[in-house]
Structure formats: C-alpha cells, structure tokens
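The structure appears right after this line, and notes come after that.
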Amino acid sequence: MRRILLRLAPSSTPNTYVQTRFFSHAVKKQLAWNNNPADIQPGQHVISVCKEYNIGFPQKLRSLRVFRQKENPYKLGVFVCQQHCFAQNSMRYFDKLEHPFAKSLLDIYIEKKKESLWITSYAHGAGVFPNKTAQRKIAHALRDALMAAGYDRFGRRVLADGESSAIVDLYGSLRVISAHPTALCNAKFVDILECAKKIIAGVEIELRRGDADIRFTQKKDDQNHRHVQRPQQHPQRQPTFGARQSQTRGPNIQRGRQPISNSY
C-alpha cells in the first residue's frame, strides 16, 4: 500500500504555468468599441465628415447658465452648443478602428442635418427600465415645450397667418441629463412639462437665429453659425506691467501706489 501511495503522489511541485492569452484582431476591435465613449479617439473617416458637414463632438457642449434652479428634484443637467454635435452614445462607433456601423450612423447624422435643433436625452443612476422611461419622458416634455413656445419638434418657428417673428429657428444641440430617473418616473407629466418649458426658455436665448443670420451662414459656406444673441464673452484683462518696468520705477513705487513721503 505504501508503495502504491508513493507512486500516486506527485514527484515535484505542481505546474502552475498559465498560457499567455493572445487576442485576435477582431477581439481587440470589440474591446476597443466597448470602451468608455469619452476615451475614444475619432478616426480620420469621422473627422472628415465633421469638417465637411460642420458637426462637432460632444465635448463642445456647455452647461446652460440660464437653467440654474435651487430646487432640482430630478437632478437635471442641461447642455447646449451653437453647433450640431454627435450624441455621446454614438461615439463608441467612431473609434479609429472603424466599426461596421460607423458609415451607416454617419449617413444618419448627415441626413439629420436638415433638422435645425438636435435634442438628446439621457438618464442614469437606476435600472434599465427606469432609465429608458425617464429618457422618453424628458424627450416628450421637451417636444411639447417647443410646441408651446411656438416651434415645431425640430426647432423651426411656426407662425400663424399674418404673424411675424424675428426668430426663424433654434439652431444647435441640446442635451438633457437626469441623475434621478426614478423621480421622473414617479412624477406627473405636468410637472415635468413645466420644467421643460424653463429649459426651452433658456435654450431660446442661446440658440435662436434670425433670417439675416441664416443668410450669413449660407454665404460663409456653413462654417460659422451666427445667432441673434451670442453668450457674453469674458472681458479682456488689462495689460499688466512686466518685471522690467516695475524695476525701472524705483524701490518705493509699486503697482497702483504712490511713493511714500516723509513730510506730513
């Protein structure tokens, strides 16, 4: 029995070597496409379309300053841009490793250029069903708020017979994000609509265009989209004195100060 046990026992330490795993080119592509969209670097096939049709990336969206409420039960974030921008979820298809759906999705965006206002809604922080439901309610409320403000679902001004307006359309991109989708799911649609109307009121200030602005845009080959009122630019800083200039003034003279006199 002892001889049998010695024969069955391993003569040396067990081999713990694990074979190195090599990924194929197709697997590497799939791993790249599943990465975070913010980390994706667009390929040249995407950049060329952006330059030709004046489409920007989601990084150009900026927070809407007008929409700042102390009470924000739905934890909404509103972002706008005076340019058409890709949706954040679409960036996973625009990596340098060309995705099979990239060309089809780019064709959809090129066709979408006929719409003046691009609206996207997004919700996160809960399960799949609450997130999708909240996204649909946000999009529905924004469309109804546009109609209440006198626009169609694409941001074009709708005028009645004999009515005139200096605003022709709302041009650009609008993205609304909710970090509390369960609150949106449980809220009444009337309350969500009132919140959407405040958003559209702020968007109207940022993205409205007139007839003269559209003619200027067409003349400039759709490179610079002028709006009726652009956001105020930060005032330019006054030039400051250099180190050499401060030294030539003498030891008792500082910036903006008079030399101290010993006589009173």
Output wanted: per-residue J couplings in Hz (rounded whole) for region 138-153, from phi through Karplus 6.51 cos²θ - 1.76 cosθ + 1.60, θ = phi - 60°, x for Gly and Pro.
5, 4, 5, 5, 5, 5, 5, 5, 5, 5, 5, 8, x, 10, 8, 5
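Using heavy-atom solvent-accessible surface (probe 1.4 Å) with all chains present, what is the largest-first order of I55, I205?
Ranking I55, I205 by accessible area, largest first, yields I205, I55.
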How charged is the neighbourhood of V158? Take every other residue with its Cβ under 11 Å from the Cβ of V158, and add Lys/Arg as +1 and Asp/Glu as -1.
0
Heavy atoms of I47: accessible area, 1.4 Å probe, square angstrom to 10
50 Å²
Kindly write out, for region 179-188 in residue order, the coupling ³J(HN,Hα) from the Karplus curve 6.51 cos²θ - 1.76 cosθ + 1.60 (θ = phi - 60°), rounded to whole Hz, with x marking Gly and Pro.
9, 9, x, 5, 5, 5, 5, 8, 7, 6
Under a crude label model (7 Å from the Cα following the beta-carbon direction), how far is S63 from S165 in nanometres?
3.0 nm
Do the alpha carbons of any pairs in K60/K197; K96/K137; K103/K197; K114/K198 sit beyond 29 Å of each other, and which pairs?
K96/K137; K103/K197
Could I have the simple spin-label model distance between M147 and K96, label points 7 Å from Cα toward Cβ, reported in nm to one decimal?
4.7 nm
Going out from 0 in 5 Å bins, what whole percent of all Cα-Cα distances in region 106-151 drops into each bin?
5, 19, 19, 17, 20, 15, 6, 0
Per-residue accessible area, 1.4 Å probe, largest first, puts V168, V158, V49 in the order V158, V168, V49
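The values are calculated or read from the model by the stated rules, or taken from the named source; none is laboratory data. Values in this document were obtained by computation on a predicted structure and should not be read as measured data. Virtual Cβ from ideal backbone geometry, glycine too; neighbours counted across all protein chains shown. Remember, those area values only see protein heavy atoms, side chains included, never the ligands or the DNA or RNA. Shrake-Rupley method; radii C 1.70, N 1.55, O 1.52, S 1.80 Å.
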